[in-house]
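Just so it is clear, none of the values below were taken in a lab; they were calculated from the coordinates. Here the structure is a predicted model, which means the values were calculated and not measured. Heads up, the Cβs are rebuilt from the backbone with ideal geometry, glycines too, and the neighbour counts pull from every protein chain shown.
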Amino acid sequence: MRHYAVERVCTMREVVLDTETTGLSPDDGNRIIEIGCVELWNRAPTGLTYHEYVNPGRDIPLEITQITGLTSDFLEKFTAFDTIVDSFLDFIGDSPLVIHNAKFDINFLNSELHMVGKPLLDINRAIDTLLIARKKFPGQPASLDALSRRFNVNIPRERHGALLDSQILAEVYIELNGGRQRILNLSEAAIGQPNEDASTPAAQNKGTHGFPRRAFPVPAADLLVFDQMLGKIKNPAWTKD
C-alpha cells in the first residue's frame, strides 16, 4: 500500500475531491464516471493528484456528454469502480475531504462503496466549500464558476472534469481561507525555528546558525520529494549509534 503522509515535516493533509456522474442521484441508477483528487498540505497544493475514469456499465445520457465530453464509447475502455476502489481509498486515507456540495459526491461515493462491500465515508469528514461560500458571501452566487470569477482563478475550463474541477476548487478553497499569502505565513509560523529567542533583533533576521532567515517556507511538494529521497538511502549514518 502506498502512503501519502509526510507527517514528520507537515502538519495537515487535506484532499480536494470531485466526481462526474451519469445523473443527479444514485437512487435512480446513476453511477460515477470520473474521480479527481488534489492533495493539499497546510492548504497548499503539493502537485500530487489522483484521477480515474470509471466504466459505469450503462449508457451516458446526452446531457452528461455535453457537460463533461465523456461518451459511452470512451468509458468502455476503462474498468469498473471495484477495480480502482482500493487505490482511491489509499489516496484519500483518513484526510478531510474538501468538496463543493459535499452531499452530492459523498452520496455517489457511498453508493459505489456499498456495492463493492467497502466501508462508507462519513459526511462529517467533508469540508463543504459551497456552505463556506454561502456563509461568507450571503445572497451571492456560490457555484464553482462564480467563485472562480470572484477569486480570479485562472484555470481555463470548457467542460466539467473531475480532476480539473478539483484543481479549480483547490484554488478557490485557498482563497476562501485567506489566500496563498496567508497560508504561507501560517505554514512558516507552524514550522518555526528552534533554539531562537524571537524577542531579540538578531533572531528576527537570522536563522539558528547565523544564516539569513529564509523569507518563505519550503514548498510541501519539495518536502515530499526530500522525504522520499531519504527513504531510498540504505543504512543512513543518522540511524547508527
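Odds and ends about this structure:
- Both numbers refer to the Cα atoms of segment 13-183; Rg and Dmax are 15.6, 46 Å.
- Student exercise, segment 51-99 dipole from Lys, Arg, Asp, Glu Cβ charges, in Debye to nearest 20: 120
- Base-10 log of normalised Debye intensity for segment 82-144 (one unit scatterer per alpha-carbon) at q = 0.16, 0.18, 0.26 Å⁻¹: -0.58, -0.69, -1.11
- Label point distance in nm, ILE233-THR79, each placed 7 Å from Cα along Cα→Cβ: 3.7
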